[in-house]
Amino acid sequence: GLQPFDRPEILQADLTALILELALWGVVDPGSLHWLDPPDDAAVQQARRLLTDLQAIDNNGHITSRGKAMAELPVQPRLAHMLLQAGDEQNQPHACTIAALISEPDILRGDGHSVDLDDRLHALSRFQKHGARVAGIDVRRCQRVLRISRQLQDLLHRQPAPPSPVILSPGALLSLAYPDRIAGLRPDTTHSYKLVSGRGAMLPRHDRLQATPFLTIAAMDGRRAEGRIYLAAALKKEELQSLHGHRFIREERVFFDVEAKAVRGEVITRINKLAIAGKPLAGPDPLLVRKALLAAIGKKQLPLPWSRKATNLVRRIRLLASLNNQPTWPDFSEAALLATVEEWLTPYLDGIKNISGIQALNLEQILLHRLDWSQQKRLEQEAPTHLRVPSCSKVPLQYQEDGPPILAVRLQEMFGLPDTPTICRGRIRVLLHLLSPAQRPVQITDDLKGFWESSYHEVKKELKGRYPKHFWPDDPLNALPTSRVKPRKK
């Protein structure tokens, strides 16, 4: 299972230093050179983006004066940028020590240490005071780090540095080298972070840096989803503002809050994909509010007020559309209604911001307005909401998703009617639910004539015993219908 040979380093290494060196030579396009193994184009572009961010090259790939100064320092371009940006003697010594610590293996021995860079700086300070008597450190590594730090300071003294008004924390200095690894704590967590690139990063459990609002990460693994942090430092929000304020993007965001079931507006300050701060937005744009409501409805986060009448209306229209088999009716299928919700619902959303306002909408009337006058007239004639029965009562029809509509009516109100009522110009017979005086179905049929001739007499025997005060004639076809206990005497 082993590979025939090791993968070339150029195909797996960070190319930032290489691209900076090529820019120093005047080579803008690495593809113009002859390589044994050409570098990966994605890695080249990533290195270019970082060097542009660090002001080492311009947008065309040509080296800048800052890039030339970075190339003179014997450290990674990231760390070189940090050293040059650190300022005067107030911060440069700290920056040199941090650069040396990062460039060398960990000075702390064993496992179980925090990932906090401050622990390494504190251990190094103790080593300078007490020498080899400090427990838990690697003496040789400490000596090498201190030597490299002094060498870097000597090199920096040859280059002019801008004055620094304040002493920067290790996390702030580190952010000058790793602006793309600034990370913010995710809500409701203590160890899960989001980088400005959108990647995730995890602190080890119970690390002393947990719950720190912002970190600068110096070392982490290459997992795409949630990388593990190996070295980091706390970054104060004030330092983030002062050092990286030019990266801040301010945007107004209007969205539907699923938990509150309402539209919320907020002003967000972010760096790339990392939110730095947010505050409520007073009086969000009504157009954005409507869009947020419609988006929530489309995602089924916000239910529409489907009353019985609205559902009945949709089923009536679908029934007529299926019978006519003509594209004269709007598509009232569930998928079509959801796809066109912006078209038919938007005019009724003015002033609505939450679920209460949505639930107060009269969905039946809103949907009915999608039909023109002739369609509404035809709907009422061919698929009515109610039918008048022999007792003169208007009884509601319950339209079903599949099958004929149901007419639930007391048996006594149907006396004298020989045939089953129909709709759609006689093409569909309704399904009768003939009810007892207690409003319970005693017969379900679409053949009323057959019921009078056969089943009625059995039903009559049973119900007459239960409800003796009610009217149970021997000849239902010639009896007076009634909605009362007994018909009125003439």
Discussion item. Can you tell me which residue is nearest to the chain's Cα centre (by Cα) among those in the range 174-231 that are of a type in the set (Phe, Trp, Tyr) and outside any loop (DSSP other than H, G, I, E, B)?
Written reply: 193
Worksheet item: Out of the residues in the range 153-173 that are part of a helix (DSSP H, G or I) and either modelled with pLDDT of 95 or more or among the polar types (S, T, N, Q) (or both), which is most open to solvent (accessible area, probe 1.4 Å)?
Response: 153
Fill in: Elements of type helices (runs of 4 or more DSSP H) in the range 297-351, at least 3 residues being modelled with pLDDT of 95 or more and polar (S, T, N, Q)
none
Worksheet entry | Subset of the range 359-389 that is assigned to a strand (DSSP E or B) and without any contact (Cβ under 8 Å) to a residue 40 or more places away in the chain - its residue that is most open to solvent (accessible area, probe 1.4 Å) | 388
Worksheet entry | Selection within the range 347-358 - surrounded by 12 or more Cβ atoms within 10 Å (Cβ to Cβ) and not aromatic (Phe, Trp, Tyr) | 349, 352, 353, 354, 355, 357, 358
Discussion item. I'm checking my understanding of the structure. Among residues of the range 107-150 that are open to solvent by 60 Å² or more (accessible area, probe 1.4 Å) and among the acidic types (Asp, Glu), which one is farthest from the chain's Cα centre (by Cα)?
Written reply: 111
Worksheet item: If you check residue 239 against the conditions, is it acidic (Asp, Glu), in a strand (DSSP E or B) and open to solvent by less than 80 Å² (accessible area, probe 1.4 Å)?
Response: no
Worksheet entry | Failed condition for residue 10, given (1) more than 28 Å from residue 154 (Cα to Cα); (2) open to solvent by 70 Å² or more (accessible area, probe 1.4 Å) | (2)
Practice prompt. Would you point out which residue out of 279, 300 is of a type in the set (Lys, Arg), exposed (fewer than 13 other Cβ atoms within 10 Å of the Cβ), closer than 20 Å to residue 266 by Cα and out of contact with any helix residue (DSSP H, G or I) (no Cβ under 6 Å at 6 or more places or on another chain)?
Written response: 279
Fill in: Subset of the range 446-471 (residues that are open to solvent by 20 Å² or more (accessible area, probe 1.4 Å) and closer than 14 Å to residue 408 by Cα)
446
Worksheet, complete the sentence: Scanning the range 37-54 for residues that are of a type outside the set (S, T, N, Q) and out of contact with any helix residue (DSSP H, G or I) (no Cβ under 9 Å at 6 or more places or on another chain) gives 42
Worksheet item: Which helices (runs of 4 or more DSSP H) sit wholly inside the range 40-135 and have at least 2 residues that are within 18 Å of residue 158 (Cα to Cα) and of a type in the set (Lys, Arg)?
Response: 65-71
Worksheet item: Would the range 308-323 turn up any residue that is surrounded by fewer than 12 Cβ atoms within 10 Å (Cβ to Cβ) and of a type in the set (S, T, N, Q)?
Response: yes
Response to the item:
Residue set 441, 481; condition touching a Gly at 6+ places or on another chain (Cβ under 8 Å), of a type outside the set (S, T, N, Q), modelled with pLDDT of 90 or more and within 30 Å of residue 309 (Cα to Cα); output residue 481
Fill in: Pair list, Cβ < 6 Å and 6+ apart or interchain, from the range 112-133 residues that are in contact (Cβ under 8 Å) with a residue 12 or more places away in the chain to residues that are among the basic types (Lys, Arg) and open to solvent by 40 Å² or more (accessible area, probe 1.4 Å)
114/208; 116/208
Discussion item. Any residue that is modelled with pLDDT of 95 or more, open to solvent by 20 Å² or more (accessible area, probe 1.4 Å), at negative phi and within 44 Å of the chain's Cα centre (by Cα) - is there at least one of those in the range 77-88?
Written reply: yes
Practice prompt. Taking the residues in the range 254-276 that are open to solvent by 50 Å² or more (accessible area, probe 1.4 Å) and in contact with a Phe, Trp or Tyr (Cβ under 8 Å, 6 or more places away or on another chain) as candidates, determine which candidate is farthest from residue 342 (Cα to Cα).
Written response: 270
Practice prompt. Considering every residue within the range 276-284, establish whether at least one is under 30 Å from residue 87 (Cα atoms) and of a type outside the set (D, E, K, R).
Written response: yes
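The values are calculated or read from the model by the stated rules, or taken from the named source; none is laboratory data. Just so it is clear, the model here is predicted, and its values are computed rather than measured. Note that we place each Cβ from the backbone using ideal geometry, even for glycine, and neighbour counts take in every protein chain shown. In case anyone asks, the SASA skips ligands and DNA or RNA and just uses the protein heavy atoms, side chains included. Shrake-Rupley method; radii C 1.70, N 1.55, O 1.52, S 1.80 Å.
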